[in-house]
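A short worksheet on the structure shown next.
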Amino acid sequence: MVSNRVAAPDPSGKGAAGGLAVAVREAFQTQGGLWFGWSGKVTAEPDAHPKIIDKQRVQYALMDLRPIDRQEYYNGFANRALWPTMHYRSGLSEFSRADLAGYLRVNRTFANALARLLQPDDLVWVHDYHLIPLAAELRALGAPNPIGYFHHIPWPAPEVFGTLPGSRELLRAVADYDLVGVQIEQDANNLRRGLVQELGAVQRSADLLAVGGRRIRVKSFPIGIDVKGFRQAAERVGPNRIVEQVLTSLGTRKLIIGVDRLDYSKGIPERMQAFERFLVSNPDQRGLITFLQIAPKTRGDVPEYATLSRAVNQTLGRINGGLGEPGWVPIHYVTSTYPRPVLARLCRLARIGLVTPMRDGMNLVAKEYIAAQDAADPGVLILSKFAGAAQQLTDALIVNPSDKFEVAQAIREGLHMSRDERVSRWEVMFRRLGEQDVTWWAATYVRDLAASKLTNSTHRPRRMSRCT
Ligand code: ADQ
């Protein structure tokens, strides 16, 4: 497994809790392996060889980065150019040639270090947009292994992706993988269309393309969650200060919950405005509902995130100042990271899960909210039609996150929905989650990657050269 950040074991043995970390750990359950990537540390003279930590069936291989690498590869090209473009926000994309060069350089450094650890019969599974060129670099070093890539965020239409300088070279690098997994069918179609239009790939069957003498499979594998684990966490969490505080401050009020990294793709200010719209249109509900938005800060070094943080604080202040009353604050906003059982419990307490990203590859919070509910009295999920999860959780109240009136109307509908309707909608969604959980996701992907060995038996070495 290769990912930008590696969730190395912590001394308490608990490990990291994020979506990718849980999913990757799950994939190691069926077969042990090596997990390679950035340690998260920045040093002036990083070792060219990774630091190796052995823990049970998994060997962790951790690379440090130089400050300039972090700036150009991570903050720059990955998070200021690729991330907004992939989320259909070309207007926010800040491209610099130096950042692209840094991105390619770090991928090459990683490939050089990884190639020394590879065994001929290893399957290599690369994760996410930071590492698109990794297969091309490994191929240039002669790696014959099946190499797969899973793209956790949306893959936009070629007309959008094509706005990014260097996008054509990235598509060429994609073609060096054997299997490319994306979240939903729409992403797969977008990528296939890009490969055909830009590189002249020929579609051999629904998901198989021939390009540059190789065969590449592009397929959707919707990522799942550990449904049982999250559910048990929600049911069994012991006494906890945060949960008690929420319960005390709620009293008899109903809770609406939002949980997101503080990111402009998640639609947090827009969601607050929709809640404001709901309170303005339904004055009888004032004082009876509390909206808790949990949004830990990420990517603090990227200017667009500081701008977003200010926008959220302004929106929050305006709404709470304008509509709040002594003894009632409409929106509670916290930026802490919570242990998973606490998060699970808070989801279970909420009558509405408000998950309204402007664009999202999947959105695991939508799934976690469903997993956490009480089967006898579940809450209502309000879900953006632009989250990948909306393709599976069709019994949620599906909304356009830009339409504040529509979201406000869905909040009203959710609060008034009968218990029978809530139960029947929830049952369908919960069943679907169980059918395609994280174990299914990892096992299906690994099976298809192993099968791709037969499709590309020889690999011609080539490497991305632009800007290096
Ligand atoms: P993210 O953009 O990070 O993931 P998401 O899918 O919602 O978005 O996953 C976030 C994870 O972090 C969830 O498991 C959530 O519970 C956890 N989390 C969020 N806030 C937290 C807090 N305050 N405390 C503790 N945990 C918190 C990217 C893509 C998504 C895709 C995933 C997985 O952007 O579209 O679903 O990868 O593929």
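The values are calculated or read from the model by the stated rules, or taken from the named source; none is laboratory data. Owing to the predicted nature of the structure, the values given are computational and were not obtained by experimental measurement. Neighbour counts are summed over all protein chains in view; Cβ atoms, including those assigned to glycine, are modelled from backbone coordinates with ideal geometry. The accessibility values were calculated without ligands, DNA or RNA, using every heavy atom of the protein model including side chains. Shrake-Rupley method; radii C 1.70, N 1.55, O 1.52, S 1.80 Å.
Quick notes on this one:
- Helix 268-281 and the longest principal axis of the C-alpha atoms of the chain enclose an angle of approximately 20°.
- 3J(HN,Hα) along the range 104-110: 5, 5, 5, 4, 5, 4, 4 Hz, from the Karplus curve 6.51 cos²θ - 1.76 cosθ + 1.60 with θ = phi - 60°, whole Hz, x for Gly and Pro.
- Sparsely packed loop sites in the range 153-215 (the trypsin sites (Lys or Arg not before Pro) outside DSSP H, G, I, E and B with at most 13 other Cβ atoms within 10 Å) comprise ARG204.
- Proximal lysine pairs, the chain, alpha carbons under 24 Å, eight or more residues apart or interchain: 24
- Å² per residue, accessible surface of the range 302-353 at 1.4 Å: 45
- Measuring nothing but protein heavy atoms, the accessible surface of the range 89-136 at 1.4 Å probe radius is 49 percent carbon and sulfur.
- Portion, in percent, of the accessible area of the range 314-374 that falls on carbon or sulfur, probe 1.4 Å: 52
- The angle separating the long axis of helix 438-451 from the principal Cα axis of greatest extent in the chain is about 20 degrees.
- Largest to smallest accessible area among TYR149, TYR264 [probe 1.4 Å]: TYR264, TYR149
- For ASP374, the residues 5 or more places off, or on other chains, whose built amide H falls under 5 Å of its own are GLY379.
- Probing with 1.4 Å while keeping every protein chain in the model, the per residue accessible area of the range 130-203 equals 25 Å².
- For TRP35, the residues whose amide H sits under 5 Å from its own are GLN59, TYR60, ALA61, ignoring neighbours fewer than 5 places away on the same chain, with H placed 1.01 Å from N.
- Cα gyration tensor, the chain - rounded (a/c under 1.5), prolate or oblate: prolate
- Fraction of beta bridges assigned by DSSP in the chain that are antiparallel (%, nearest 5): 20
- Legend: calculated FRET efficiency, ALA48 to GLN71, from the Cβ-Cβ distance at R0 = 22 Å, rounded to 0.05, equals 0.65.
- The range 3-112: trypsin sites (Lys or Arg not before Pro) in DSSP coil with no more than 14 other Cβ atoms inside 10 Å: LYS14, ARG57
- Sequence-ordered 3J(HN,Hα) estimates for the range 300-310 from the Karplus curve with 6.51, -1.76 and 1.60 and θ = phi - 60° stand at x, 7, 8, x, 4, 7, 5, 4, 4, 4, 5 Hz, glycine and proline given as x.
- Taking Cβ atoms as reference points and 11 Å as the exclusive limit, the residues near ARG215 contribute a net charge of +1, counting Lys and Arg as +1 and Asp and Glu as -1.
- Cα gyration tensor shape for the range 315-458, rounded if a/c is under 1.5, else prolate or oblate: prolate
- Euclidean distance of C-alpha centroids, the range 376-435 and the range 208-222, integer Å: 34
- Calculated P(r) of the range 156-196 - Cα pairs past 17 Å, %: 24
- Anisotropy class of the range 1-157 from Cα gyration tensor, a/c 1.5 cut: rounded
- Couplings for the range 35-42, taken from phi via the Karplus curve 6.51 cos²θ - 1.76 cosθ + 1.60 with θ = phi - 60°, read 10, 10, x, 6, 6, x, 8, 10 Hz in order; Gly and Pro are left as x.
- Summed residue charge, Cβ within 15 Å of SER452's Cβ, Lys/Arg positive, Asp/Glu negative: +2
- Using C-alpha pairs below 8 Å separated by at least 6 residues, the relative contact order for the chain is 16 percent.
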